[in-house]
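Visitor: I have a structure I would like to understand better, so I am pasting it below and will then ask my questions one at a time.
The values are calculated or read from the model by the stated rules, or taken from the named source; none is laboratory data. What you are looking at is a predicted structure, and each value in this text was computed from that prediction instead of being measured. Methodologically, a virtual Cβ is constructed for each residue, glycine included, from the backbone with ideal geometry; neighbour enumeration extends over all protein chains shown. Ligands, DNA and RNA are stripped out before the accessible areas are found, and what is left, the full protein with its side chains, is counted by its heavy atoms. Shrake-Rupley method; radii C 1.70, N 1.55, O 1.52, S 1.80 Å.
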Amino acid sequence: MHCFIEIGPLLKLLPRARLMTACFAVIFLAGCALPAVNKSESSALTLSEAQETRLGKAIAPSLANHPGKSGIYTLTNPLDAFAARALLARAADRTLDVQYYIWHGDTTGTLLLEELHTAADRGVRVRLLVDDNGTSGLDTELAALASHPLIEIRLFNPFVIRSPKWMGYVTDFSRANRRMHNKSFTADNQASIIGGRNVGDEYFGATEGVLFADLDVLSVGPVVSDVSTDFDRYWDSDSTYPVENIVPAVPEEALDQFSTKASLIERDGAASAYVNAISESEFIKKLLASQLELEWACVRMVSDDPAKGLGLAKKEELLSHQLAEILGAPESRIALVSPYFVPTEAGVEAFSALADQGIRVSILTNSLDATDVAAVHAGYAKRRKTLLEAGIRLFEMRRLSAEVNRNPSAGPFGSSGSSLHAKTFAVDGERMFVGSFNFDPRSFNLNTELGFVIESPVLARNIHHAFEGTILLSAYEVRLDDDGDLYWLEQVGNREVRHDNEPGTGFVKRAGVYLLSLLPIEWLL
């Protein structure tokens with residue numbers, strides 16, 4: 001997408017006093033001009049090649065015993081989730097294909113980038129695709145890594161103006177407002193981690209004051225090929241640009257300097273939990289020895305067409321449409337977990353219609369005290385009474401840490417400080433979804449998303465059961481009293497505590513959310 005303007009004739013007509021304004025306008029408009037590029041061609045490892053890798057040989061016996069099914073291993077513990085990625089990078093023999101919405105340059109982000117670098121040094125081809133909204137402060141590191149002959153990095157919907165990046169929203173809002181929210185980490189086209197976590201300390205529980213309740217899954221089997229195919233179409237999409245065409249070049253020694261920086265971080269006491277997690281984890285050892293306990297199930301990948309990043313995807317190519325087709329009509333119950341839940345009027349009608357049919361609908365999202373995006377909470381809060389009146393059960397995650405802070409590198413639309421970050425739901429105790437998809441207009445209409453539909457009664461029922469057990473210990477249940485007013489129930493030990501206002505918040509914050517709920521911004525949330 002380019003912006004051109006013929007300015008020569010115009011300048012002759014402008015008074016001298018306006019010349020400076022015109023010059024600034026030209027610079028301003030240049031912010032929407034992306035460079036024309038020739039991208040190299042590459043694709044995921046073929047299955048015949050992948051089967052000859054260590055991972056391929058280790059997984060083959062289990063695949064033979066479960067024809068047509070994929071193996072799933074849930075990653076709920078943040079340290080395990082970090083170690084799984086690091087160890088999967090170490091287990092790769094041929095390729096690593098990695099796709100993320102946010103990648104911070106903090107402790108865990110730097111350590112995982114160095115794992116990719118180390119893999120490339122031993123001959124693994126690395127392709128890293130990152131949404132440019134979540135790469136703030138990483139230009140030097142990404143450019144340095146891209147100088148490696150076996151590492152290629154591309155940015156999705158990049159910002160030509162590198163600092164301040166928010167200028168890109170002003171100069172090219174319609175494109176910059178569409179982000180790639182997908183998350184996947186795939187080794188040798190044989191094992192892939194997908195789910196809700198981005199890469200950064202708060203997603204792996206490394207920072208004080210920020211703690212997520214999150215969910216990823218490791219997958220092996222047929223669904224991994226689907227993830228690899230999907231990665232290829234994003235890699236080649238019109239929204240991706242080689243990082244070297246966007247960020248400034250760096251000196252030759254920059255890559256060595258990055259490795260030195262990573263080494264210092266690894267030896268720092270603040271990284272000890274992560275270094276120990278890698279050294280103590282039995283995860284990859286068990287996987288390579290065919291001893292990892294996997295849930296074998298029919299798994300279908302769902303994802304948006306990357307053309308959604310330019311507003312060009314067709315309805316039938318959207319994840320939301322695919323989910324509706326796969327899940328069909330629920331028969332008895334739905335349990336939904338979404339940190340950013342903005343049902344809109346249409347969503348309220350749909351959930352209410354299910355409840356009218358006798359289907360039990362339970363929803364968990366963040367409380368106002370726990371969320372990091374007050375505007376999103378405003379979009380949900382104004383729908384609460386209607387949902388409760390329809391018989392839907394609402395739960396709001398309590399603040400799980402002393403503070404809720406947004407990491408500024410997440411950008412204006414990044415999620416980076418909530419108590420709850422998992423995106424999952426279960427239907428009828430038979431099947432579940434896990435991935436990057438939030439139930440909000442942004443996931444439906446603007447951002448691209450990725451996830452799995454897993455036909456597993458074991459995993460689905462775990463989610464349903466959580467609403468009757470563990471969720472009650474960490475969330476408020478929202479109810480209506482006889483006068484139609486909201487109140488919140490909190491389980492404290494063996495007693496229930498009632499709150500008549502949003503717990504943990506003051507009048508000013510609640511008033512601000514109310515004012516936000518009056519604004520016509522729901523489509524942005």
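Visitor: Which loop-located GluC sites (Glu not before Pro) does the range 246-276 contain, where loop means any DSSP state but H, G, I, E or B and the Cβ has at most 13 other Cβ atoms within 10 Å?
Guide: Glu252, Glu253
Visitor: Right, another one. Treat every Asp and Glu Cβ in the range 140-257 as -1 and every Lys and Arg Cβ as +1, leave all other atoms uncharged, and give the resulting dipole magnitude about the Cα centre to the nearest 20 debye. Walk me through the intermediate numbers first.
Guide: On the way: 9 positive and 18 negative charges, 117 e Å.
My answer is approximately 560 debye.
Visitor: Quick one: longest stretch of the chain between exposed loop trypsin sites (Lys or Arg not before Pro), exposed meaning at most 10 other C-beta atoms within 10 Å and loop per DSSP? Mind dumping the intermediate values first?
Guide: Details: sites that count: Arg122, Lys314.
Excluding the exposed sites themselves, the longest stretch runs over 315-525.
Visitor: On to the next question. Report, by chain and number, residues whose modeled amide H sits under 5 Å from the one on Arg360, excluding near sequence neighbours (fewer than 5 apart, same chain).
Guide: So Arg360 has HN proximity to Arg333, Ile334.
Visitor: Then there's this: Considering only DSSP beta bridges whose two residues both sit in the chain, what percent are antiparallel, to the nearest 5?
Guide: 70 percent
Visitor: Then there's this: So what are the ³J(HN,Hα) numbers for the range 331-344, from phi and the Karplus equation (6.51, -1.76, 1.60; θ = phi - 60°), rounded to whole Hz, Gly and Pro as x?
Guide: Taking θ as phi minus 60°, the curve returns 10, 9, 7, 9, 10, 10, 10, 8, x, 10, 10, 10, x, 6 Hz for the range 331-344.
Visitor: Give me the dipole magnitude in Debye, nearest 20, for the chain about the Cα centre, with unit charges on the beta carbon: positive for Lys and Arg, negative for Asp and Glu.
Guide: Here the chain has a charge dipole of around 780 debye.
Visitor: If you don't mind, another one. When the accessible area of the chain is computed with all protein chains present and a 1.4 Å probe, what percentage of it is carbon and sulfur?
Guide: Percent of accessible area from carbon and sulfur atoms in the chain: 54.
Visitor: Which residue, Val492, Pro441, Ala58, has the largest displacement toward the positive end of the dipole of the chain when charges sit on each Cβ (Lys, Arg +1; Asp, Glu -1)?
Guide: Result: Pro441, furthest along the dipole toward the positive end.
Visitor: Suppose we keep just the alpha-carbon trace of the range 123-171; what are its Rg and Dmax in angstrom?
Guide: 12.1, 42
Visitor: Could you give me the ³J(HN,Hα) list for the range 360-367, computed from phi with Karplus coefficients 6.51, -1.76, 1.60 and θ = phi - 60°, whole Hz, x at Gly and Pro?
Guide: Whole-Hz 3J(HN,Hα) from phi for the range 360-367: 6, 10, 10, 10, 10, 9, 7, 6.
Visitor: Work out the length of the dipole vector of the range 39-123 about its Cα centre, built from +1 on the beta-carbon of each Lys and Arg and -1 on the beta-carbon of each Asp and Glu, and round it to the nearest 20 debye.
Guide: Dipole size: approximately 260 debye.
Visitor: So if a site counts as exposed when it's one of the chymotrypsin sites (Phe, Trp or Tyr not before Pro), its DSSP state isn't H, G, I, E or B, and it has at most 15 other Cβ atoms within 10 Å, what's the longest stretch of the chain without one?
Guide: 167-525
Visitor: Taking θ as phi - 60°, what are the ³J(HN,Hα) couplings along the range 267-282 by the Karplus curve (6.51, -1.76, 1.60), each to the nearest whole Hz, with x for Gly and Pro?
Guide: Result, rounded to whole Hz: 7, 6, x, 5, 9, 4, 4, 7, 4, 5, 4, 5, 5, 8, 5, 9.
Visitor: Run the helix sum for the chain: -39,500 (n - 2.57) per DSSP H stretch of 4+ residues, divided by residue count, reported at 222 nm to the nearest 500 deg cm²/dmol. The partial results should precede the final answer.
Guide: Values: 20 runs with 186 residues, N = 525.
The helix-only estimate for the chain comes to -10000 deg cm²/dmol at 222 nm.
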